[in-house]
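Q: Sharing a structure below in structure tokens format, with a few things to ask.
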Amino acid sequence: MIEKQIRLKQDFYSTLNELLNAKDMEEFGYKSTHISFVLKDLRSICSESEIDAFVDEAVQAIAHFANAN
């Protein structure tokens, strides 16, 4: 269970970084879809407060991308 949580958190942050550096809307769409699936998986093994923090980070990244483009 701990290994799965670590792997999912790494996947979340890797995808978040890729989302922030997306070159176009198509790539952004793929990464934002992927991050939503990672969040869904994290929801099954993390506390509600941890999930809230992940969602906040994802929303900030999406807003940053939107403002930059």
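Q: Output the number of the condition that S14 fails; it satisfies all remaining conditions of (1) at pLDDT 95 or above; (2) exposed (fewer than 12 other Cβ atoms within 10 Å of the Cβ); (3) of a type in the set (S, T, N, Q).
A: (2) is the only condition that S14 fails.
Q: Looking at I51, is it open to solvent by less than 70 Å² (accessible area, probe 1.4 Å), modelled with pLDDT of 90 or more and not in a helix (DSSP H, G or I)?
A: Spelling it out, it is not the case that I51 is open to solvent by less than 70 Å² (accessible area, probe 1.4 Å), modelled with pLDDT of 90 or more and not in a helix (DSSP H, G or I).
Q: Going by the conditions given, is K23 of a type in the set (D, E, K, R), touching a helix residue (DSSP H, G or I) at 6+ places or on another chain (Cβ under 7 Å) and within 22 Å of N69 (Cβ to Cβ)?
A: Criteria not met by K23.
Q: If I filter the stretch 31-44 for residues that are of a type in the set (D, E, K, R), touching a residue at least 12 places away in the same chain (Cβ under 8 Å) and within 14 Å of F65 (Cα to Cα), do I get at least one hit?
A: Checking the stretch 31-44: at least one residue is of a type in the set (D, E, K, R), touching a residue at least 12 places away in the same chain (Cβ under 8 Å) and within 14 Å of F65 (Cα to Cα).
Q: Next up: Open to solvent by less than 50 Å² (accessible area, probe 1.4 Å), closer than 21 Å to N69 by Cα and under 11 Å from the mean Cα position of the chain (by Cα): is that true of L8 in this structure?
A: no
Q: Just to verify a result, which residue in the stretch 23-48, among those that are more than 13 Å from the chain's Cα centre (by Cα) and open to solvent by less than 70 Å² (accessible area, probe 1.4 Å), is farthest from M1 (Cα to Cα)?
A: E27
Q: While we're looking at this one, here's another question. If you go through the stretch 1-37, how many residues are assigned to a helix (DSSP H, G or I), farther than 12 Å from A58 by Cα and among the small types (G, A, S)?
A: Residues that pass the stated criteria total 1.
The values are calculated or read from the model by the stated rules, or taken from the named source; none is laboratory data. What you see is a predicted model, and the numbers here were worked out from it, not measured in a lab. Positions of Cβ are generated from backbone atoms using ideal geometry, with glycine treated the same way; all protein chains shown enter the neighbour counts. These area figures cover heavy atoms from the full protein model, side chains too; ligands, DNA and RNA do not enter into them. Shrake-Rupley method; radii C 1.70, N 1.55, O 1.52, S 1.80 Å.
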